[in-house]
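K.L.:
Here's a structure for you.
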Amino acid sequence: MEYSLRGKAFSVIFILCISSPSSFFLLSKACHAVDKEALLKFKSKISSDPSKLLQSWTAHSDCCSAWEGIKCESAGRVVNLSRPGLVSDNDFLVDTFMAGTLSPYLGNLSFLQVLDLSNLKELKGPIPPEIGKLSNLTHLFLDSNNLTGKIPMTFKYFYQLEKLYLGNNYLSGTIPPSVFGSLRSLAELGLSGNKLSGPIPSSIGNLVLLSKLDLHENNFIGSIPISLGKLKNLKYLDFSDNHISGSIPKSMGRLSQLVLLYLNQNQITGSIPSSIAGLSSLIFCRLSENRLTGTVPPSIGKLSNLQRLILENNRLSGKLPATIGHLTTLTDIYFANNRFTGTIPSTFGNLPNLQILDLSRNLLSGQLPLQLGKLQNLQTLDLSFNPLGLAEIPYWFSKLKLFRLLLAKTGIEGLLPRWIGNMTNLSFLNLSNNVLHSSIPVEFKNLSLLMDLDLHSNRLNGPLEAIFEKGVQDPLGYFNSIDLSNNMFSAPIDEKIGEKSSMTAIKSLLLSHNPLGGSIPKSLGKLIELQVLDLRGSELSGNIPLELGDAKELTTILLSRNKLIGNIPEKVLNLNRLQEFDVSGNRLSGRIPPHKVILPVSAFKCNPGLCGPPLPPCSHS
């Protein structure tokens, strides 16, 4: 969890900085023999140390005064062993690694309070159970390595441990309940990014001082323990990306200090409990990618500090609660891919800080409330795949300062309005799967920041110049993708399309199933970043231009069901990145050039004049 790890990093840097060798050890004794032996045994298990983190650790020097990464108390006992792979150096982070295994002799450092071997990447093997003997340990950081095996049962003796981070390893097995039952001083626990399994022990409720709990990206199963509600100091809770099932316990409503709640990517069922109103400090809430059902409780409107509310990809139903309009700190709403019905509440217009509103793929209907026009900080609006029956795009949209507008399959009919050219902040526009039946207004050229355009599956007609000749605002506004397929555009593609400034960075150009006519422009070969070209069923004639082979990034060329004649250029068929090529249903002739990419017979069929592999061989005559 980013917050936990960040907090851990700051605390480690603080521990490293509070005492310097020049002042801390003036009155200290020489390193204790038992501790020195333990440290040298640890070094002996290190097989690679490219940054020489342990170079100063020599048998003839004092480990308290001469060894980097070691701190001792006045009696010469080691209290801090910190050799992380990510360290602060003159305001810069230095990244390195160290390979080897953890020596069981580390358990002999009986006065040790801080053990930090995090981010060394290549430490492997199990965590020695002997480490459990370190009864004075307050901070243990072994995260971001290649450690395997189980969490040792001996960890239950860490009575003074305050921070434990074992994340981003390959630890497996279950968490021993006795461990959670004993770590009464623990404030931060990070076990994310492992292969831990089994249920989350109910004994977790004994960790009453816990403020950060990160178990994400493991294989935990079973329900969220009801005892979790006892953790009154908890601020960050991340159980995401596991296999947790059952419902969200009502007891979680007692976590009044909780700032972050991530339960996404699990198999949680049932409804969102109304007790969620008790999470009065909550800022980030992510319950997406589960199997939640029922309605969103109106009590959610009491979460007055909430900024991000992510409930997408569930099975939630019913009407959107109007009380969401009370959450004036909200910046992001993600409710996509649920089963919400009814109209969008007008109270959503009371969210002055809202930047993202994604209600796509639901069953919402009815008129859009005019109050949404007040959302002057809104950057993304996605209402796609709702049976809204818009009939037309509301004029008040032109007053918004949107970067992204998605209204695919919302029942829009009629003309593409001229005022859309006033939405000059747009970088992404998707009006696909509607019944628009006009030409592209000339004002479209004003969309100088537009980079992704999807108008496919409408009844749009006329020429394409207003799209290809639109302005840019360097370095922005260069097209990344255009999809105009399945419309009624009827003018040939501009012969100079590859020279238009808006097209120089395009990666995907889909113009299929339009009665375009004309030929394939040679200048398409100048689109050096083009990866996908789809011109199927566009009534094209003439030859496949040799120059198309200059577009070196092409992976997909689809030219089927046209009226193309002549040979297939060898240069085109042998583009290095080519994966998919289809010229079926044309009038091509001659031998298919030798090619490296494996293509099916269907890619060349229905061209009576073509021959050679994968088609039958050419006649010798």
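K.L.:
Being under 11 Å from LEU390 (Cα atoms) and surrounded by fewer than 20 Cβ atoms within 10 Å (Cβ to Cβ) is the filter; apply it to the stretch 410-421 and report the residue that is farthest from the chain's Cα centre (by Cα). Walk me through it before giving the result.
P.N.:
Going through the stretch 410-421, the residues under 11 Å from LEU390 (Cα atoms) turn out to be 410-414.
Applying the additional criterion that residues be surrounded by fewer than 20 Cβ atoms within 10 Å (Cβ to Cβ) yields 411, 413-414.
Values: GLY411: 31, GLU413: 35, GLY414: 37 Å.
Among them, the one singled out is GLY414.
K.L.:
Of all residues in the stretch 123-163, how many are on the phi < 0 side of the Ramachandran plot and in a strand (DSSP E or B)? Steps first, please.
P.N.:
Step one: filter the stretch 123-163 for residues on the phi < 0 side of the Ramachandran plot, giving 123-124, 126-143, 145-148, 150-163.
Narrowing further to those that are in a strand (DSSP E or B): 123-124, 126, 139-141, 146-148, 163.
Number satisfying all stated conditions: 10.
K.L.:
Out of all the residues in the stretch 504-512, is one or more open to solvent by 30 Å² or more (accessible area, probe 1.4 Å) and within 23 Å of ARG418 (Cα to Cα)?
P.N.:
Looking through the stretch 504-512, none of the residues is open to solvent by 30 Å² or more (accessible area, probe 1.4 Å) and within 23 Å of ARG418 (Cα to Cα).
One line per residue, one yes/no per condition, for (1) at pLDDT 95 or above; (2) open to solvent by less than 50 Å² (accessible area, probe 1.4 Å):
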| position | (1), (2) |
| --- | --- |
| PHE335 | yes, yes |
| THR341 | yes, no |
| SER346 | yes, no |
| PRO352 | yes, no |
| ARG361 | yes, no |
| GLY366 | no, yes |
| PRO369 | yes, yes |
| GLN376 | yes, no |
| LEU383 | yes, yes |
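K.L.:
Determine which single condition LEU134 fails, assuming it passes every other condition in (1) closer than 14 Å to ASP35 by Cα; (2) surrounded by fewer than 22 Cβ atoms within 10 Å (Cβ to Cβ).
P.N.:
The one condition LEU134 does not meet is (2).
K.L.:
Something else about it: Tally the residues that are open to solvent by 10 Å² or more (accessible area, probe 1.4 Å) and either within 10 Å of ASN290 (Cβ to Cβ) or out of contact with any strand residue (DSSP E or B) (no Cβ under 7 Å at 6 or more places or on another chain) (or both), restricting the search to the stretch 254-263. Show your work before the answer.
P.N.:
Filtering the stretch 254-263 down to residues open to solvent by 10 Å² or more (accessible area, probe 1.4 Å) leaves 254, 256-257, 259, 262.
Cutting the leftovers down to either within 10 Å of ASN290 (Cβ to Cβ) or out of contact with any strand residue (DSSP E or B) (no Cβ under 7 Å at 6 or more places or on another chain) (or both) gives us 254, 256-257.
Number satisfying all stated conditions: 3.
K.L.:
Okay, next question. Mind checking which residues of the stretch 85-104 are open to solvent by less than 70 Å² (accessible area, probe 1.4 Å) and either hydrophobic (A, V, I, L, M, F, W, C) or in contact with an Asp or Glu (Cβ under 8 Å, 6 or more places away or on another chain) (or both)? Quick ask: steps written out before the conclusion?
P.N.:
In the first step, residues of the stretch 85-104 are kept if they are open to solvent by less than 70 Å² (accessible area, probe 1.4 Å); the result is 85, 87-88, 94, 96, 98-104.
Result: GLY85, VAL87, VAL94, MET98, ALA99, GLY100, LEU102, PRO104.
K.L.:
MET98 versus (1) of a type in the set (A, V, I, L, M); (2) without any contact (Cβ under 8 Å) to a residue 40 or more places away in the chain; (3) over 20 Å from LYS195 (Cα atoms): which is the lone unmet condition?
P.N.:
(2)
K.L.:
Output the residue which, of all residues in the stretch 83-122 that are within 21 Å of LEU147 (Cα to Cα), part of a strand (DSSP E or B) and among the charged types (D, E, K, R), is modelled with the lowest pLDDT.
P.N.:
Result: ASP95.
K.L.:
Sticking with this structure for a sec: State whether the residues of the stretch 234-246 include one that is over 14 Å from TYR262 (Cβ atoms), outside any loop (DSSP other than H, G, I, E, B) and modelled with pLDDT of 95 or more.
P.N.:
Step one: list which residues in the stretch 234-246 are over 14 Å from TYR262 (Cβ atoms), which gives 243, 245-246.
Subsequent filtering for residues that are outside any loop (DSSP other than H, G, I, E, B) retains none.
No, the conditions are met nowhere in the stretch 234-246.
K.L.:
Name every residue in the stretch 339-362 that is on the phi < 0 side of the Ramachandran plot and either outside any loop (DSSP other than H, G, I, E, B) or among the aromatic types (Phe, Trp, Tyr) (or both), in order of residue number.
P.N.:
Selection gives ARG339, PHE340, THR341, SER346, THR347, PHE348, GLY349, ASN350, ILE356, LEU357, ASP358.
K.L.:
So LEU554 clears everything in (1) open to solvent by 70 Å² or more (accessible area, probe 1.4 Å); (2) out of contact with any strand residue (DSSP E or B) (no Cβ under 6 Å at 6 or more places or on another chain) except one condition, right? Which one?
P.N.:
Of (1) open to solvent by 70 Å² or more (accessible area, probe 1.4 Å); (2) out of contact with any strand residue (DSSP E or B) (no Cβ under 6 Å at 6 or more places or on another chain), only one is false for LEU554: (1).
K.L.:
If you don't mind, another one. Inside the stretch 526-544, can you point out the residues that are closer than 24 Å to GLY609 by Cβ and crowded, with 18+ Cβ neighbours inside 10 Å?
P.N.:
Filtering the stretch 526-544 down to residues closer than 24 Å to GLY609 by Cβ leaves 533-544.
Selection gives LEU533, ASP534, LEU535, ARG536, GLY537, SER538, LEU540, ILE544.
K.L.:
Cβ-Cβ below 7 Å, separation at least six or inter-chain, first residue in the stretch 594-619 and at pLDDT 95 or above, second β-branched (Val, Ile, Thr) and open to solvent by 50 Å² or more (accessible area, probe 1.4 Å): which pairs?
P.N.:
Once the first residue is at pLDDT 95 or above and sits in the stretch 594-619, its partners that are β-branched (Val, Ile, Thr) and open to solvent by 50 Å² or more (accessible area, probe 1.4 Å) give PRO614/VAL601; LEU615/VAL601.
K.L.:
Tell me whether the stretch 105-127 contains one or more residues that are open to solvent by 70 Å² or more (accessible area, probe 1.4 Å), within 30 Å of the chain's Cα centre (by Cα) and more than 27 Å from GLY181 (Cα to Cα).
P.N.:
If we filter the stretch 105-127 for residues that are open to solvent by 70 Å² or more (accessible area, probe 1.4 Å), which is where we start, we get 105, 111, 113, 122, 124, 126.
The next check asks that each one be within 30 Å of the chain's Cα centre (by Cα); those that pass are 122, 124.
So of that shortlist, the ones also more than 27 Å from GLY181 (Cα to Cα) come out as 122, 124.
Yes, the stretch 105-127 has at least one match.
K.L.:
Is there a residue in the stretch 548-556 that is closer than 26 Å to ASN458 by Cβ and either out of contact with any helix residue (DSSP H, G or I) (no Cβ under 7 Å at 6 or more places or on another chain) or modelled with pLDDT of 95 or more (or both)?
P.N.:
First, pick out the residues of the stretch 548-556 that are closer than 26 Å to ASN458 by Cβ: 556.
So of that shortlist, the ones also either out of contact with any helix residue (DSSP H, G or I) (no Cβ under 7 Å at 6 or more places or on another chain) or modelled with pLDDT of 95 or more (or both) come out as 556.
Taking every residue of the stretch 548-556 in turn, at least one turns out to be closer than 26 Å to ASN458 by Cβ and either out of contact with any helix residue (DSSP H, G or I) (no Cβ under 7 Å at 6 or more places or on another chain) or modelled with pLDDT of 95 or more (or both).
K.L.:
Still on this structure, I have one more. Among THR323, THR331, THR295, which is the only one that is open to solvent by 50 Å² or more (accessible area, probe 1.4 Å) and not charged (D, E, K, R)? So that I can check it myself, show each step before the final result.
P.N.:
Numbers: THR323 fails: open to solvent by 50 Å² or more (accessible area, probe 1.4 Å); THR331 fails: open to solvent by 50 Å² or more (accessible area, probe 1.4 Å).
Within the list THR323, THR331, THR295, the selection yields THR295.
K.L.:
Here is a follow-up. Which pairs turn up if I take residues in the stretch 262-278 that are at positive phi and look for partners that are crowded, with 19+ Cβ neighbours inside 10 Å with beta carbon separation below 8 Å, at least 6 apart in sequence or on another chain?
P.N.:
Cβ pairs passing all conditions: GLN265/SER240; GLN265/ASP241; GLN265/ASN242; GLN265/SER288; GLN265/GLU289; GLN265/ASN290; GLY270/ILE248; GLY270/LEU292.
K.L.:
Just a yes or no: is a residue in the stretch 181-197 out of contact with any strand residue (DSSP E or B) (no Cβ under 8 Å at 6 or more places or on another chain) and open to solvent by less than 10 Å² (accessible area, probe 1.4 Å)?
P.N.:
Step one: of the stretch 181-197, the residues out of contact with any strand residue (DSSP E or B) (no Cβ under 8 Å at 6 or more places or on another chain) are 181-182, 184-185, 193.
So of that shortlist, the ones also open to solvent by less than 10 Å² (accessible area, probe 1.4 Å) come out as none.
So far as the stretch 181-197 goes, no, none of its residues is out of contact with any strand residue (DSSP E or B) (no Cβ under 8 Å at 6 or more places or on another chain) and open to solvent by less than 10 Å² (accessible area, probe 1.4 Å).
K.L.:
Shifting gears a bit: Can you report the number of residues in the stretch 596-614 which are open to solvent by 20 Å² or more (accessible area, probe 1.4 Å), farther than 20 Å from ASP534 by Cβ and either in a loop (DSSP other than H, G, I, E, B) or among the polar types (S, T, N, Q) (or both)?
P.N.:
Within the stretch 596-614, residues that are open to solvent by 20 Å² or more (accessible area, probe 1.4 Å), farther than 20 Å from ASP534 by Cβ and either in a loop (DSSP other than H, G, I, E, B) or among the polar types (S, T, N, Q) (or both) number 5.
The values are calculated or read from the model by the stated rules, or taken from the named source; none is laboratory data. Quick caveat, the model's predicted, so the values are computed rather than measured. Using ideal geometry, Cβ is built from the backbone for each residue, glycine included, and neighbour counts are taken over all protein chains shown. The area values use the complete protein model at the heavy-atom level, side chains included, leaving out ligands, DNA and RNA. Shrake-Rupley method; radii C 1.70, N 1.55, O 1.52, S 1.80 Å.
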